[in-house]
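So the structure is just underneath, and the comments pick up after that.
Bear in mind that the values in this text are calculations on the coordinates, not laboratory data. Remember, predicted model here, so these are calculated numbers, not experimental data. FYI the Cβ positions are ideal-geometry reconstructions off the backbone, even for glycines, and counts take in every protein chain you see.
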Ligand code: R1P
Ligand code: URA
């Protein structure tokens, strides 16, 4: 039973917060024969059938049954995190970070016909998929949220519900690492992306190194008299903990490439929309956090990242942008056996070299410019359709497409 049906069946509802502060809706089920002043008893949905004839409040939402722990889908074939099924997502996808960006850019899609609104679905995990057409070609806009694990859900679960080749363009926001990239520019990862990861072992080994150093200094009460110094003790400790020496707090990967056909189309469309002097092509870096792994400093944590940005630029002179998802997209496209063409483009929201941050009211216009360029590139890139065998399977399953 869906929530709306459930609401009808279960009577009045009341919004409240769960223990993590998230909004949940509690259905108050009160027997008419009982007095209204009784406090409702909280039961889970699974317990509701067994509830005796007195006031209960049902917590939680309807949960479908998933089969296949390896790649969970429900009885309708909906994926576990994105909640979409075959026929609901187009093979050309614009992936954006936030739900509000997805909603904003859905205004760029062809106007829906009367009585047939754009397809929209928000999953239980908050992923929003909007499907319609752009210049007559089916496209989907998917809010991807933040970080590489979320991009992993978006790429893999969409791949699972689409037949034939796919194209994915990410439109995000990022930090501009060096000139000529500046605030408000569209930065295209035409040279691909590297990944930056904080290495927790650095701190683990550092702790071990320092406590051993401390023990040695403390144990050898006459250390100074023996002529031993912290430095010599330190190096023997490092030898004991082999691997600490030379270990770095942040690890960077080799670059993965972007699809060059899509990159060229996107660069041309972006230049058309905002002008060539506002488009910069180069290498992107996707970090595993907004703060430490992007070289943001502060005094609350021991991050050891003061030299990170300078090191990155020295090692990668073509580095232009720093964000959190593009690497995962390009890496999965690279491993997709030729079935995904991908590229990332970001609005420069921060200048890391000057410490300036874009006035937020200017962002919407830049998102629309970037979104227009991305949609124009998406509908122009050639894609192979489903194979004959896949087409037969689709026909047999009588898949309904939301854009037809
Ligand atoms: C951090 O604020 C977020 O903004 C950037 C980063 O990649 C990260 O997701 O992109 P989006 O604006 O697309 O979310
Ligand atoms: N998003 C990021 O990940 N980094 C920035 O500096 C700005 C936006």
TODO: Rank-order 162-171, 296-305 by packing density, defined as the average count of other C-beta atoms within 10 Å over each peptide's residues, highest first.
DONE: 162-171, 296-305
TODO: Please report, to one decimal in angstroms, the Kirkwood hydrodynamic radius of region 298-404 built from all distinct Cα-Cα pairs.
DONE: 18.5
Open item on the list: Sort 390-401, 185-196 by packing, meaning the average of other beta carbons within 10 Å per residue, with the highest value first.
Closed with: 185-196, 390-401
Task: Fraction of alpha-carbon pairs over 13 Å apart in region 74-149 - percent - done: 65
Task: Most to least packed among 380-387, 74-81, 367-374 [average Cβ atoms within 10 Å] - done: 367-374, 74-81, 380-387
Task: Estimated inter-spin distance, residue 389 and residue 257, nm [label 7 Å along Cα→Cβ] - done: 2.8
Task: Neighbour-count ranking [beta-carbon atoms within 10 angstrom, fewest first] of 203, 403 - done: 203, 403
